[in-house]
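The values are calculated or read from the model by the stated rules, or taken from the named source; none is laboratory data. These numbers come from a predicted model, not from an experiment. No Cβ is skipped: glycine too gets one built from the backbone with ideal geometry, and neighbour counts run over all protein chains shown.
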Amino acid sequence: MDILVSGSMAYDRIMDFDGMFSDHILPDQLDNINVSFTVNSLTENFGGTAGNIAYSLSLLGEKPRILATIGQDYHRYFEWLEKIGVSTADIRIVEEELTAGAYITSDTRSNQITGFNPGAMKQQSGFNFDSVEPKDCLAIVSPGNLGDMTDYTAEHEKRGIYSIFDPGQSLPAWGAEALATAISQSKMLVCNDYEMEMISNITGKTRAQVAETVETIVVTKGGDGSDIITTAGTVTVPSVPAGDAVDPTGAGDAFRGGLIKGLVGNLPIERAVQMGNVAGHYAVRILGTQQHRFTIKEFNAKLTENFGS
């Protein structure tokens, strides 16, 4: 089965702040912020939503196709993708731009402040869907070029491709009508709890009303697990305990990799979400994106340990 992963490709610069942001931001001065955080360390990782999701899928034995753009400094990323067995054939190189870059600072409570330079992501990837068989294909539209996000959700609906819509960090750029349309053109909406509130605020719809426009909504809630929302109600799937968690960066993308693995295996949605929670568990225990590791045997053992066979 073809797994189409559209979104961003980026180099992530991740910084660790030994304190809490809230101690340095004055509530009565929010319209006049001027703060500086001295960080303990900086690491650079391969990142971006499409790259991160594809990475976890590769750990699970899948060979996803990445629909994205990358800049003139693509060489190291392409070498990495080749090493993990992910094709670069569908990634468009934009020679006049640098690859997108995320500058992420996390505090001791896993709160994050992120600056993002879109770089090559400002241009669309221009994927030709004639190369896929719709009935043997699953797609996820994750945060990336807004034109790609709107065009691909429409194309998926037109061609009958099972599509997951994951607006995430792109939400501030959406208008109410465009966002509601993209959701309704998809089979599944995936977001975290905060993003679900943003979706409700932007569209003017309650969660229940949004659920009437899409088959399934999956809302991740960190340590509180994940909710599966349909018109029939809500089912909560517990998280996988991670007492040694060190970094939430990329955990949501890892979750999506596990979720997709379950869906392409034709497993029930609850089992697929459980798989997503297991993948996220591995990600939060390692600093940085595309750094976690597991074998399929280890993954299945953790899945059985927490949720049964």
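What to note about this one:
- Counting the residues of segment 53-81 that are out of contact with any strand residue (DSSP E or B) (no Cβ under 6 Å at 6 or more places or on another chain) and either of a type in the set (A, V, I, L, M) or more than 26 Å from residue 265 (Cβ to Cβ) (or both) gives 11.
- Filtered residues of segment 113-128 (kept if closer than 28 Å to residue 21 by Cα and more than 18 Å from the chain's Cα centre (by Cα)): 119
- Segments classed as strands (runs of 3 or more DSSP E), wholly inside segment 145-237, with at least 1 members that are basic (Lys, Arg) and surrounded by 18 or more Cβ atoms within 10 Å (Cβ to Cβ): none
- Residues satisfying the stated conditions in segment 85-110, i.e. hydrophobic (A, V, I, L, M, F, W, C), touching a Lys or Arg at 6+ places or on another chain (Cβ under 9 Å) and assigned to a loop (DSSP other than H, G, I, E, B): 86, 89, 94
- Among the residues making up segment 284-309, those that are among the hydroxyl-bearing types (Ser, Thr, Tyr) and modelled with pLDDT of 95 or more are 295, 304.
- Residue 88 passes every criterion in (1) in contact with an Asp or Glu (Cβ under 6 Å, 6 or more places away or on another chain); (2) modelled with pLDDT of 95 or more apart from (1).
- Flag: residue 249 matches the condition of being over 22 Å from residue 139 (Cβ atoms), buried (at least 18 other Cβ atoms within 10 Å of the Cβ) and touching a residue at least 60 places away in the same chain (Cβ under 8 Å).
- The set of residues in segment 257-279 being aliphatic (A, V, I, L, M) and within 11 Å of residue 228 (Cα to Cα) consists of 269, 272, 273.
- Check on residue 86, touching a His at 6+ places or on another chain (Cβ under 8 Å) and closer than 16 Å to residue 51 by Cα: no
- In this entry, residue 257 is excluded by the filter for residues that are crowded, with 24+ Cβ neighbours inside 10 Å, touching a residue at least 24 places away in the same chain (Cβ under 8 Å), in contact with a Ser or Thr (Cβ under 6 Å, 6 or more places away or on another chain) and at positive phi.
- Among the residues of segment 270-309, those that are farther than 23 Å from residue 13 by Cβ, crowded, with 18+ Cβ neighbours inside 10 Å and β-branched (Val, Ile, Thr) comprise 273, 278.
- Matching residues in segment 91-103 - criterion: being within 19 Å of the chain's Cα centre (by Cα) and either surrounded by fewer than 18 Cβ atoms within 10 Å (Cβ to Cβ) or closer than 15 Å to residue 4 by Cβ (or both): 91, 103
Here is a yes/no grid of residues against (1) of a type in the set (S, T, N, Q); (2) more than 30 Å from residue 131 (Cα to Cα):
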residue	(1), (2)
168	no, no
174	no, no
182	no, no
190	no, no
195	no, yes
200	yes, yes
204	no, yes
210	no, yes
216	yes, no
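- Selection count, segment 78-90, where residues are of a type in the set (Asp, Glu) and crowded, with 16+ Cβ neighbours inside 10 Å: 1
- When residue 217 is tested against (1) of a type in the set (Val, Ile, Thr); (2) under 26 Å from residue 178 (Cα atoms); (3) in contact (Cβ under 8 Å) with a residue 60 or more places away in the chain, just one condition goes unmet, and that condition is (3).
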